[in-house]
Amino acid sequence: MSAFDEDRVNVIQAAFQEGIKAILCPAEVTEPESIHITTELTETYENIYASGGVHPHKAKEFTTESLTKIESLAEDKKIHAVGEIGLDFFYNFSPPDIQILAFKQQLNLAQKLDLPVIIHSREASQSIIDCIEEETYTRGGVLHCFTGDWDFAQKMLDKNFFISFSGIVTFPKAFDLRDVARKMPLDHLLIETDSPFLAPVPFRGKIKRNEPKFVKDIAQFIAEIKNVSWSDFSDQTTLNFTSLFGIEISNLRC
Ligand SMILES: [Zn+2]
């Protein structure tokens with residue numbers, strides 16, 4: 001995103017210096033600039049991977065050409081998922097029926113390409129489940145930036161999904177989300193920043209933008225509330241990342 005145009009190289013270096021093993025960066029296929037920068041990153045850095053999809057905010061720009069674009073991107077060996085795709089009934093930047101159409105068609109494409117999906121869901125839990133069931137989508141994926149309840153999490157775990165937590169889990173009022181994180185099986189948990197948004201506590205409100213390096217702070221926070229050792233937690237989340245996205249773990253030993 002443009003928040004990193006000035007110092008992207010430094011931001012990436014800082015993340016790897018913090019011990020981050022790999023980064024997956026989703027490209028928005030309706031934006032040529034997003035594809036361009038993402039491809040440049042995956043070509044420059046061995047441990048940066050990518051996905052491609054039409055975000056629910058951009059669903060009104062979704063066409064059959066978007067599917068062709070994703071399909072041709074998927075020929076690149078560093079594209080490991082279809083996403084972000086999904087439903088956002090909070091902002092409704094695109095009409096809900098258009099969002100559902102774009103989501104379903106991208107689910108089917110992911111299934112055809114044998115790639116996992118990265119799902120964005122806001123105030124749309126039941127509709128996400130309905131779409132997956134109606135399209136008989138079984139390839140699984142990750143529910144990113146999870147803010148749902150334990151019931152939704154369990155239903156998605158049953159459907160072969162991982163659940164990913166962002167800095168929201170550190171927010172003072174996120175009691176319910178912390179409960180979900182405590183209950184979450186460690187072998188289906190992922191961590192992310194959603195940068196430049198959602199900086200975790202204690203940086204929230206003190207810095208201009210969130211950065212990938214803060215994934216470590218989110219990880220340490222969750223390891224603590226789950227009462228899991230740092231080495232077990234970091235090893236397992238690295239393993240979860242590689243198994244979900246089909247990446248050789250040996251490739252990540254820097
Ligand atoms: Zn999202």
Neighbouring Cβ atoms within 10 Å as the yardstick, rank 55, 36, 120 fewest first.
36, 120, 55
Quick one: if you stick a label point 7 Å off each Cα along the C-beta vector at residue 33 and residue 231, how many nm between them?
4.6 nm
Which whole-Hz ³J(HN,Hα) couplings does region 135-141 yield from phi under the Karplus relation 6.51 cos²θ - 1.76 cosθ + 1.60, θ = phi - 60°, glycine and proline marked x?
8, 6, 7, 10, 6, x, x
³J(HN,Hα), Karplus 6.51/-1.76/1.60, whole Hz, each residue of region 157-166, x for Gly, Pro
4, 4, 9, 6, 9, 8, 10, 10, 9, 10
What is the fewest-to-most order of 33, 123 by other Cβ atoms lying within 10 Å of their Cβ?
33, 123
Helix-only [θ]222 nm of the chain, DSSP H runs n ≥ 4, -39500 (n - 2.57) each, per residue, nearest 500:
-13000 deg cm²/dmol
Tell me the Kirkwood radius of the chain: reciprocal of the mean inverse pair distance over distinct alpha-carbon atoms, in Å.
18.3 Å
Mind sorting 204, 182 by how few other Cβ atoms lie within 10 Å of their own Cβ, fewest first?
182, 204
When only DSSP loop residues count, what trypsin sites (Lys or Arg not before Pro) in region 60-110 have their Cβ near at most 11 other Cβ atoms within 10 Å?
77
Go through 121, 38, 185 and say which Cα lies farthest out towards the positive end of the charge dipole of the chain; charges sit on Cβ, +1 for Lys and Arg, -1 for Asp and Glu.
185
Determine ³J(HN,Hα), in whole Hz, for all residues of region 174-188 in sequence, where each value follows from phi through the Karplus function 6.51 cos²θ - 1.76 cosθ + 1.60 and θ = phi - 60°; x replaces Gly and Pro.
7, 4, 5, 5, 5, 4, 4, 4, 5, 7, 5, x, 4, 7, 10
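Readers should treat all values here as calculations from the given coordinates under stated rules, not as data from a laboratory. Source: prediction; values computed, not measured. Reconstructed Cβ throughout: ideal geometry from the backbone, glycine too, with neighbour counts over all protein chains shown.
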